[in-house]
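*Asks:* Here it is: the structure, laid out below.
Only the coordinates and a few stated rules stand behind these numbers; no lab work does. Remember, predicted model here, so these are calculated numbers, not experimental data. Counting neighbours? That spans all protein chains shown, and the Cβs are built from the backbone with ideal geometry, glycine included.
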Amino acid sequence: MKNMSFRKKFILGLFICFAVFLGYRGYKVATTTFPDSEEESTLSLGKNEILHLEINGVIMNGKKFLQNLKRYSEEDAVKAIVIEINSPGGAVGPSQEIYLEIKRAKAETKKPIVCVSTGLIASGGYYSAMGCDHLMVAPGTMIGSIGVIMEFANLEDLYSWAKVKRYTITSGKFKDSGSEYRAMRDDERKLFQDMINEVYDQFRNTVAEARNLPVDFVSQYADGRVMTGAKAVELKFADSTGTFEDAIRLAAKQANLKEDDYHVLRPRRQRPSFFSFFMDNDEEDDLNSLSDIGDVKALMKGELSGKSVDQVIKTLFKMKTLNQPMMIMPGYWE
């Protein structure tokens, strides 16, 4: 091992990680669910609260966000909701679920809901925001990326190099579609393309309905491109430009709250563990948090540089998204 070159160590490490990932893919692991923090459980609400929720990083389940949305939006003291989004998008189902639950909360509570982004609100993150009453962005916010992508890996040559042979026993010809150990057949490619087209239509039509824009007009810009916040407002893909504080003031105004007569309620956000990344969990998957975990860097200390560790984590995260449709900003994983 000591005589191996850095490149060989790196490739071997990735291969081992991928092999472990494949072994656990689809396997349900029981995880411990920790109760909410004492601060949250004993949280006392004031007379007028503006609920501040966040959607950060890659959207892979969104369950913590949805728990907080349901838990606090129904409180009488909460008069308005501001959702701060900084996300390149994520998995299709969770992005749609967040959109639908925001829409439901708006309909059931009759409280104003303002979405704001001063950094990045793309693809699934943008889809989620379609449930809000008002979308505010900074002039330089990166916004849009209306589209769907599905990635696959063909590791035939790598398996051959490693002298590994893989095979499956299936109940139907499409059951192992997308397998990384063989090339994709034409009928499989068509099956996946039809699915992507269907999900794309759902995305485009949702934007057209939420933004009150003609479908043909939305189609001109629904090709995966991103644009600035200023351009999005000009084209009516967003409502106004402003900052987070502007969004708070707007929500207060829409809720008929006087200045300095309200409090911003911020539920405490728990940090995900590295191992929850591989398992079903109740936390929002946040790539930025994952890349800061000391245990992961300590595990690889002396073998890889800090930058390479971050790249390994990104690679692992990308593996998790293989073979599933994603609403995510182009080039995010590069």
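*Asks:* Taking the Cα centre of segment 55-109 as the origin, how large is its charge dipole in debye, to the nearest 20, when only Lys and Arg (+1) and Asp and Glu (-1) carry charge on their Cβ atoms? Don't jump to the answer; show the numbers that get you there.
*Replies:* Working: 8 positive and 7 negative charges, 18 e Å.
In total the dipole reaches around 80 debye.
*Asks:* If you look for lysine pairs in segment 33-185 that are eight or more places apart or on different chains, how many of them have Cα atoms under 23 Å apart?
*Replies:* Summing the qualifying lysine pairs gives 27.
*Asks:* Calculate, for Lys253 and Asp201, the FRET efficiency according to 1/(1 + (r/R0)^6) with r their C-beta to C-beta distance and R0 41 Å; round to the nearest 0.05.
*Replies:* Working: r = 36 Å, r/R0 = 0.88.
Computed FRET efficiency for Lys253 and Asp201 comes out at 0.70.
*Asks:* Give me the one-decimal nm value for the distance between modelled label points at Arg185 and Phe152, 7 Å along each residue's Cα-to-Cβ direction.
*Replies:* 1.1 nm
*Asks:* With the Cα gyration tensor of segment 97-201 giving a ≥ b ≥ c as the square roots of its eigenvalues, does the rule (a/c under 1.5 for rounded; else a/b larger than b/c for prolate; else oblate) give rounded, prolate or oblate? If you can, show how the numbers build up before the last one.
*Replies:* Working: a/c = 3.38, a/b = 2.32, b/c = 1.46.
Since a/c reaches 1.5 and a/b is larger than b/c, the shape of segment 97-201 is classed as prolate.
*Asks:* Related question: Note down the magnitude of the dipole of segment 41-169 about its Cα centre, charges +1 on Lys and Arg C-beta and -1 on Asp and Glu C-beta and zero elsewhere, to the nearest 20 debye.
*Replies:* 240 debye
*Asks:* If you place +1 on the Cβ of every Lys and Arg, -1 on the Cβ of every Asp and Glu, and leave all else neutral, what size is the dipole of segment 186-255 about its Cα centre, to the nearest 20 Debye?
*Replies:* On the way: 9 positive and 13 negative charges, 95 e Å.
Using only the charged Cβ atoms, the result is roughly 460 debye.
*Asks:* For segment 91-111, list residues with backbone N below 19 Å from a point placed 7 Å from the Cα of Leu213 toward its Cβ?
*Replies:* 96, 99-100
*Asks:* Amide H to amide H under 5 Å from Gly242: which residues, 5+ apart in sequence or cross-chain, H placed 1.01 Å off N in plane?
*Replies:* Val137, Ala138
*Asks:* Starting from the Cα of Lys231, step 7 Å along the direction of its Cβ; do the same at Lys110; then give the gap between the two resulting points in nm.
*Replies:* The modelled label-to-label distance comes out at 4.1 nm.
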